[in-house]
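Colleague: Have a look at this one before I ask anything.
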């Protein structure tokens, strides 16, 4: 009998101050990295999917980013790593 599945872990990379496209407020946006890994017998083996998102703390709008955009935002200097 094989026990397998997927497990997702979310990491907070930085807190950015950005202008929200929906509400127009300049507010904090946490930058999150979600990594989904294939697990066999509850041991994570290899990553299947990685996504980057920001979320407006004022209105709750969640934006999905590419890896290139997320690293660009991290290196701009506006994000303080946690």
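Every read-out reported here was derived from the displayed coordinates using simple, explicitly stated rules and does not represent laboratory data. Since we're looking at a predicted model, the values are computed, not measured. Heads up, the Cβs are rebuilt from the backbone with ideal geometry, glycines too, and the neighbour counts pull from every protein chain shown.
Colleague: Cut-off is 10 Å between beta-carbons; in what order do 45, 31, 13 appear when sorted fewest neighbours first?
Modeller: Working: 45 11, 31 22, 13 18.
With the fewest neighbours first, 45, 31, 13 line up as 45, 13, 31.
Colleague: Return a whole-number percent for the relative contact order of the chain, with Cα pairs under 8 Å and 6 or more residues apart as the contact set.
Modeller: 30
Colleague: Which distance in nm do the two modelled labels at residue 38 and residue 74 give, with both placed 7 Å along the Cα-to-Cβ direction?
Modeller: So the label points at residue 38 and residue 74 sit 2.5 nm apart.
Colleague: Need one number: nm distance between label points at residue 66 and residue 12, each 7 Å from Cα along Cα→Cβ, rounded to one decimal.
Modeller: Roughly 2.8 nm, to one decimal.
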